[in-house]
Amino acid sequence: MRDGDVRVYVCGLTPSAQAHLGHARSFLFFDVLRRYLVHRGFRVTYVQNVTDIDDRSIRTANETGEDYHAIVERYYAEFHAAMRRLGVRAYDHEPYATHFIEPIEQMIRELIEGGHAYVTGDGIYYRVSTFPNYGKLANRNIAELEVGARIEVDEHKEDPLDFALWKFAKPGEPRWPFPPYGDGRPGWHIECSAMSRALLDPDGVGFDIHGGGADLIFPHHENEIAQSEPLMQRPPMANFWVHGGLLLFDNRKMSKSLGNFEPLIDLLERHDPQAIRWLFLQTGYRKVMNFTEESMAAAESGLERIKSAYRLAVGNPASPPRDPSFDAKMEAALDDDMNTAAALAALYEYAGTAAPSLERLRYWLTILGIEPNDAWLDEAAAELADDFVGKLEAALAISGEFSGLAPAAAIERVIAMRAAARRAKDWALSDSLRDALQHCGVELHDTKDGTTWTAV
């Protein structure tokens, strides 16, 4: 970290097919991490790349006759729209691998000159034996890794663990010139090393956080380290490696062949995007998580409790001051390895108090990427009559008190009045306020966590 600046690189999508909810889980977590770092006073530079050239997109292009660029752009546009719906903030840099061919080639040249890479008949490979720390990130030694390694029939590398930095072009494949070695395209691993170096670490002294899914630890992140650190003035490549846990669907890995794969964009049509975020916040980011329709329903119910507390705060004419103890609980939870589950518990506790602060609720929900909006006030009142506020004032024998308020805000105002009456043990007033709402088509539900309402 330099003078309060935090530099973050997250391995982004390879858009050769539709994104799924497992992708979303990883990127949603890093969005929360970024927001919280800003809360803590850091200036964050956030980079999330796009792997827009890879074997799968080329294979799909060859099978369909479609240009690989068109395939990538279609799937990435769909993913991008999904991220915006999920409330993910725009990245500071969104580099496409094909826009960084020159920095990639320069890095490969340096590796060849240092003896870390070699040229063969089919490409340029990294020589793993030259990097003594290989396997350290994955906590595996070279002997263990070699057991599962093998050489494909069309590969000319020296050692099974060596990996491609540059693949010489085959007929019909996209290619870029790379003199004096030959036209071709970059390998996957070198792309991220070159882009992170160009955007976050041109001086070769390392950056702060490198993130991605747990499935990227080996070989992708291991290979990034191996090809980056020999060229640095002062390793390590990144001070912290942060990996999100995998997501299961109904206790199974997502797979089209198993019939449990659903494109992210389709899932967003069936569920509230904010409830999807809430679901992920309920589980520590490192843990394997299981998605079911039942867990999704529970998340929607939990978020509704918070929405009800928010509406209550909106209806409170005198919002209470900032509560330092609530802020401290939220920070303690997130300082503990981003324990979002503990943060939600603190939110539930605070939302169940008699008079939560509207400003603090909104602030901490926004840190978690759950940004309150007008729909929170409108959705519960969708079935109420157009002249609801006037009818409510008539039922309460008042005039002009709720002038200008939306129906939901007026209801929350009455709920706050009723809560005050109950604290004062004025049961007659409490009952009359409840009856007035019921007369206007609103039913109250008292729970240990507070009062919610529905239109009937």
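What follows is calculated from the coordinates using simple rules that are stated; it is not laboratory data. Model, not experiment: these values are computed from the prediction. We place every Cβ from the backbone using ideal geometry, glycine too, and count neighbours over all the protein chains shown.
In the range 95-143, inverting the average of 1/r over every pair of distinct C-alpha atoms gives 12.6 Å as the Kirkwood radius. Shape analysis of the range 96-180 based on the Cα gyration tensor places the equivalent ellipsoid semi-axes at 24, 16, 12 Å, largest first. Shape summary of the range 5-253, radius of gyration then Dmax from alpha carbon positions: 18.0, 53 Å.
Within the set of other residues whose C-beta is less than 10 Å from the C-beta of I190, count the net charge using Lys and Arg as +1 and Asp and Glu as -1. Around I190, the surrounding residues sum to -3. The ranking of H99, H80 from fewest to most other beta carbons within 10 Å of each one's beta carbon is H99, H80.
Contact order for the chain, expressed relative to its length and based on alpha carbon pairs under 8 Å spaced 6+ residues apart, stands at 14 percent.
Here is the P(r) of the chain: all C-alpha pair distances, binned every 20 Å from 0, give 22, 45, 23, 9, 1 in whole percents.
Please determine, in degrees from 0 to 90 and to the nearest 10, the orientation of helix 55-64 with respect to the longest principal axis defined by the Cα atoms of the chain, where the helix direction is its Cα long axis. Compared with the principal axis, the helix lies near 90 degrees. Lys/Arg Cβ at +1, Asp/Glu Cβ at -1, dipole of the chain taken about the Cα centre: which of H220, G302, I124 is farthest positive-ward? After comparing all options, I get G302. The lysine pair count for the chain, using Cα distances under 25 Å and pairs eight or more places apart or on different chains, is 12. Starting from the Cα gyration tensor of the range 271-372, take the square roots of the eigenvalues, sort them a ≥ b ≥ c, and report rounded, prolate or oblate (rounded when a/c is under 1.5, otherwise prolate if a/b is larger than b/c, else oblate). Judged from the Cα gyration tensor, the range 271-372 comes out oblate (a/c at least 1.5, b/c at or above a/b). Relative contact order, whole percent, for the range 378-455 stands at 31, derived from Cα pairs under 8 Å and 6 or more residues apart.
The phi-based Karplus calculation (6.51 cos²θ - 1.76 cosθ + 1.60; θ = phi - 60°) puts the 3J(HN,Hα) values of the range 21-31 at 5, x, 4, 4, 4, 4, 6, 5, 4, 5, 5 Hz, whole numbers, x for Gly and Pro. With neighbour counts taken as other beta-carbon atoms within 10 Å, the residues T51, T64 rank, fewest first, as T64, T51. Using the Cβ-Cβ distance between R270 and N139 with R0 set to 30 Å, the FRET efficiency from 1/(1 + (r/R0)^6) comes to roughly 0.15. Determine the shape class of the range 182-230: with a ≥ b ≥ c the square roots of the Cα gyration tensor eigenvalues, call it rounded for a/c under 1.5, and otherwise prolate if a/b is greater than b/c, oblate otherwise. The shape class here is oblate. Scaling against 2.2 N^0.38 Å puts the C-alpha radius of gyration of the range 378-455 at 1.03. Tell me the net charge near Y285. Cut-off is 10 Å between Cβ atoms, Y285 excluded, with +1 for each Lys or Arg and -1 for each Asp or Glu. Taking every other residue near Y285 into account, the sum is +2. The order of F280, F261, going from fewest to most other C-beta atoms within 10 Å of their C-beta, is F261, F280. Considering only Y46, I58, L368, whose Cα is most displaced toward the positive end of the charge dipole of the chain, charges sitting on Cβ of Lys, Arg (+1) and Asp, Glu (-1)? Result: L368, furthest along the dipole toward the positive end. Axis angle, to the nearest 10 degrees, between helix 101-113 and the longest C-alpha principal axis of the chain: 50 degrees. Against the chain, whose longest principal axis comes from its Cα atoms, helix 68-85 is set at around 30 degrees. Given axes a ≥ b ≥ c from the Cα gyration tensor, I'd like to know whether the range 148-227 is rounded (a/c under 1.5), prolate (a/b larger than b/c) or oblate. Taking the square roots of the gyration eigenvalues as a ≥ b ≥ c, the range 148-227 is oblate. In loop segments of the range 147-239 as defined by DSSP, the GluC sites (Glu not before Pro) with at most 11 further C-beta atoms inside 10 Å of their C-beta are E152.
Farthest towards the positive end of the charge dipole of the chain, among the residues H243, M232, Y96, is the Cα of H243, using unit charges on the Cβ of Lys, Arg, Asp and Glu.
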